[in-house]
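The values are calculated or read from the model by the stated rules, or taken from the named source; none is laboratory data. Here the structure is a predicted model, which is why all the values come from computation and not from measurement. Methodologically, a virtual Cβ is constructed for each residue, glycine included, from the backbone with ideal geometry; neighbour enumeration extends over all protein chains shown. Areas reflect the complete protein model, heavy atoms only, side chains present, ligands, DNA and RNA absent. Shrake-Rupley method; radii C 1.70, N 1.55, O 1.52, S 1.80 Å.
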Amino acid sequence: MRRIESCFQRLADQKRKALIPFVTAGDPVKEVTVPLMHAMVDAGADIIELGVPFSDPMADGPVIQLACERALAHNTSTRDILDMVKTFRETNADTPVVLMGYLNPVEVMGYEAFAKAAAQAGVDGVLLVDLPPEEALDVKPLMDAQGLDMIFLVAPTTSDARIKLIGQAGSGYLYYVSLKGVTGSATLNVDEVASRVETIRNLAQLPIGVGFGIKDAESAQAVSRVADGVVVGSALVNQIAENKDTPNAINDAVGGILSAMRNAMDQ
Amino acid sequence: MSERPDFSAFPDARGHFGQFGGSFVSETLMGALDELTAMYARLKDDPQFRADFDYDLAHYVGRPSPLYLAERWSKQLGGAKIWLKREDLNHTGAHKVNNTIGQALLAKHMGKPRVIAETGAGQHGVATATVAARLGLTCQVYMGAEDVERQKLNVYRMKLLGAEVIPVTSGSRTLKDAMNEAMRDWVTNVDDTFYIIGTVAGPHPYPQLVRDFQCIIGREAREQSLKQAGQLPDALVACVGGGSNAIGLFHPFLNDEGVAMYGVEAAGDGIETGRHAAPLSAGRPGVLHGNRTYLMEDDNGQIIETHSVSAGLDYPGVGPEHSWLKDIGRVNYVAADDQEALSAFRELTQVEGIMPALESAHALAYARKLAPTMSPDQNIVVNLSGRGDKDILTVAAIDGIEF
Ligand SMILES: Cc1ncc(COP(=O)(O)O)c(C=O)c1O
């Protein structure tokens, strides 16, 4: 069984929900990322979404835009990130790692070369924000052949017909974008999310992670009551930004937020 | 080119021109793009929609724009006759308005009260603010902070027209960043907002619908050439930023095998310096702003900064149809650098009394090289995509003059 699937199965058996942190790889410096991944696991993370920085992050708000700029200031490349995952895997064989970002830094490697290198490094899934299933027809078999899950987004604007299509195209989990907007936007309406997640459950078989707008233990807990996973990004990246000149403080700052979320979700 | 494709059959239903084009956007926008595609498919052959569009082009924009024989300049260059397609005489001073009229009509049909746009030189922003004023739509224009600085006159024009200009300070602070920010706005306000994209880039159906609206340039030029020169032109020349004025001129001639076409990119300080904006000349295929196309990127797939004296050409990508036309060999893509464009700007002003936009001056710079290699019984049509008033401060600064 693939790592992501077994992770959700184990959590379901324990009646717990997945806590899924997002951080941009190489932010603020490359050396920070692998220890931070371990720290996040220690603080209760079940799956790690590792951001691949891009010069033109069209779907991201200012917080993650700046994270991309910090990571690119010292040329964090897709290959560097695969090396980070490989190092992480030396001491962690269980926690799934999903690379999240935009298509171009992956396309430039060549899809087959990327898929092979990613699988070898120990990556479990890829989520490419600007690659809807319609455009992924050639890419998906190459990822599949290497055992990589392709995770697709579902938005508040996604029609029922498209939810079905996305449910069939993807594997691992579906990522429900909780609001119309970019990452780091302010408001999240839990009732609305609950009703959309219901709809998605009726149309697709995959576990549902919810992201965008989750920033503290309270919102994480609320979303965990309705979804299978809670994705938190900008709130963590904010901590990294605040501690960018004192990288040693990053693990505690990020870990603190995650532990609080973990506790609230498990209550 | 071995076998000539049926150019009118492109793009395909999902917006592909061969391997280029498509819709590479986040899921939130897919519904809006599908809706726009369906609306456009319904309206594009609708007689009333066509009539409304043609009426506005005639009475608001002032079309047809003349095809002017630049007799004195042609003689001076000593070769083919150069004809200028006078898009600079359109209302608002550039070809951009052909497209904003069309998209504003679409916005109206879709019941969207708010329009947004990205702009580089400010011409598209002005053209959008203009149609928004006329239709009573709320209008916000995203513009790179660097462009706000070098196109101050257009910024003020937009403000006078009632639009809000939002300077974009992220990334390279130019056109590509303005487009990122407009996309972010659209994702957030997709219910009530129509995004008026200014060139043949972006996700499907934009490259197609912007092309269709701009094709009025080529249809007129074809008819005018037959009437005024008695024959089709031997060559077409247009500058290529995103590529909307170029595709508008070229497309109605694509099936005319004898017509050679030259798209002129901005070589900035020179292609060899790396400081340019010429993805077709020196880039490679990748994905940016919703489509697959030739891009300026580094080995890690990051978009690199562009350089051109002309804000409207300062873009690291290009419309996907141009990428395809390059690969199948139908259009030649060449480049003119800042110096060549500036001297063409001065030359046309002094010899013909027509001050071109710096963008258009890139096309003129190439025509200036091409004409002497051809004979006086041959004809070149150059797309004079806009007028140069907006660039006077830039040229003055280069001349060391401050106001
Ligand atoms: C006068 C003029 N010509 C050309 C361009 C470049 O755009 P495109 O390549 O889409 O025609 C611009 C863009 O601002 C412009 O203002």
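Assorted remarks:
- Hey, A:Ser219 under 24 Å from A:Asp27 (Cα atoms), of a type in the set (Ser, Thr, Tyr) and in contact (Cβ under 8 Å) with a residue 24 or more places away in the chain or not: no
- Members of segment A:183-203 found to be open to solvent by 10 Å² or more (accessible area, probe 1.4 Å) and either under 30 Å from A:Gly147 (Cα atoms) or not in a loop (DSSP other than H, G, I, E, B) (or both), listed by number: A:Thr183, A:Val190, A:Asp191, A:Glu192, A:Ala194, A:Ser195, A:Arg196, A:Glu198, A:Thr199, A:Arg201, A:Asn202, A:Leu203
The rows are residues; the columns are (1) β-branched (Val, Ile, Thr); (2) away from the ligand (no atom under 13 Å from the Cβ); (3) within 14 Å of chain A (Cβ to nearest Cβ); (4) open to solvent by less than 70 Å² (accessible area, probe 1.4 Å).
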site	(1), (2), (3), (4)
B:Gln339	no, yes, no, no
B:Arg346	no, yes, no, no
B:Ala365	no, yes, no, yes
B:Arg368	no, yes, no, no
B:Ile380	yes, yes, no, yes
B:Asn383	no, no, no, yes
B:Gly386	no, no, no, yes
B:Thr394	yes, no, no, yes
B:Glu402	no, yes, no, no
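- Any hit, segment B:227-243, residues being within 14 Å of the ligand (Cβ to nearest atom), under 12 Å from the mean Cα position of the chain (by Cα), among the hydrophobic types (A, V, I, L, M, F, W, C) and not in a strand (DSSP E or B): yes
- Residue selected from segment B:310-324 under the condition hydrophobic (A, V, I, L, M, F, W, C) and within 13 Å of the ligand (Cβ to nearest atom), by the criterion nearest to the other protein chains (Cβ to nearest Cβ): B:Val318
- Among the residues of segment A:119-138, those that are closer than 20 Å to B:Gln302 by Cα and out of contact with any Leu (no Cβ under 6 Å at 6 or more places or on another chain) comprise A:Leu127, A:Val129.
- Applying the criterion of being more than 7 Å from chain B (Cβ to nearest Cβ) and among the polar types (S, T, N, Q) to the residues of segment A:150-184, the residue that is farthest from B:Leu33 (Cα to Cα) is A:Ser171.
Rundown of residues vs (1) surrounded by fewer than 23 Cβ atoms within 10 Å (Cβ to Cβ); (2) within 14 Å of chain A (Cβ to nearest Cβ); (3) in contact (Cβ under 8 Å) with a residue 40 or more places away in the chain, yes/no style:
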residue	(1), (2), (3)
B:Val25	no, yes, yes
B:Thr28	no, yes, yes
B:Ala32	yes, yes, yes
B:Asp46	yes, no, no
B:Arg50	yes, no, no
B:Arg72	yes, no, yes
B:Gln76	yes, no, yes
B:Lys85	no, no, yes
B:Thr100	no, no, yes
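- Among the residues of segment A:40-91, the one identified as of a type in the set (S, T, N, Q), under 13 Å from A:Val123 (Cβ atoms) and more than 9 Å from chain B (Cβ to nearest Cβ) is A:Thr87.
- Here B:Gln302, B:Gln214 are screened, and the one residue that is open to solvent by 10 Å² or more (accessible area, probe 1.4 Å) and either of a type outside the set (Phe, Trp, Tyr) or more than 14 Å from chain A (Cβ to nearest Cβ) (or both) is B:Gln302.
- Residue count, segment B:119-135 (criterion: more than 10 Å from the ligand (Cβ to nearest atom) and in contact with a helix residue (DSSP H, G or I) (Cβ under 8 Å, 6 or more places away or on another chain)): 7
- Single condition A:Ser178 does not satisfy, out of (1) more than 26 Å from B:Asp185 (Cβ to Cβ); (2) open to solvent by less than 20 Å² (accessible area, probe 1.4 Å); (3) of a type in the set (Ser, Thr, Tyr): (1)
- Test: residue in segment B:287-295 that is within 16 Å of the ligand (Cβ to nearest atom), over 24 Å from B:Thr394 (Cβ atoms), assigned to a loop (DSSP other than H, G, I, E, B) and among the β-branched types (Val, Ile, Thr): no
- Residue count for segment B:173-185 satisfying the condition of being within 16 Å of the ligand (Cβ to nearest atom) and at the interface with chain A (Cβ under 9 Å from one of its Cβ atoms): 3.
- For A:Met150, the conditions (1) under 18 Å from the mean Cα position of the chain (by Cα); (2) open to solvent by 10 Å² or more (accessible area, probe 1.4 Å) are fulfilled apart from (2).
- Test result for A:Arg162, open to solvent by less than 30 Å² (accessible area, probe 1.4 Å) and basic (Lys, Arg): yes
- Residue that is most open to solvent (accessible area, probe 1.4 Å) [pool: residues in segment A:92-109 that are more than 11 Å from chain B (Cβ to nearest Cβ) and out of contact with any Asp or Glu (no Cβ under 9 Å at 6 or more places or on another chain)]: A:Asp94
- Scope segment A:56-77; condition open to solvent by less than 10 Å² (accessible area, probe 1.4 Å), more than 16 Å from the chain's Cα centre (by Cα) and of a type outside the set (D, E, K, R); matching residues: A:Ala71, A:Thr76
- Counting only helices (runs of 4 or more DSSP H) that fall entirely inside segment B:112-179 and contain at least 3 residues that are among the charged types (D, E, K, R), the qualifying elements are B:145-150, B:152-160.
- Condition check for B:Tyr68: surrounded by fewer than 22 Cβ atoms within 10 Å (Cβ to Cβ), more than 14 Å from every other protein chain (Cβ to nearest Cβ), within 26 Å of B:Leu348 (Cβ to Cβ) and among the aromatic types (Phe, Trp, Tyr): yes
- Among (1) crowded, with 24+ Cβ neighbours inside 10 Å; (2) more than 14 Å from chain A (Cβ to nearest Cβ) - the single one B:Lys227 does not satisfy: (1)
- Residue in segment B:244-275 that is farthest from the ligand (Cβ to nearest atom), counting only those that are open to solvent by less than 10 Å² (accessible area, probe 1.4 Å) and in a strand (DSSP E or B): B:Gly270
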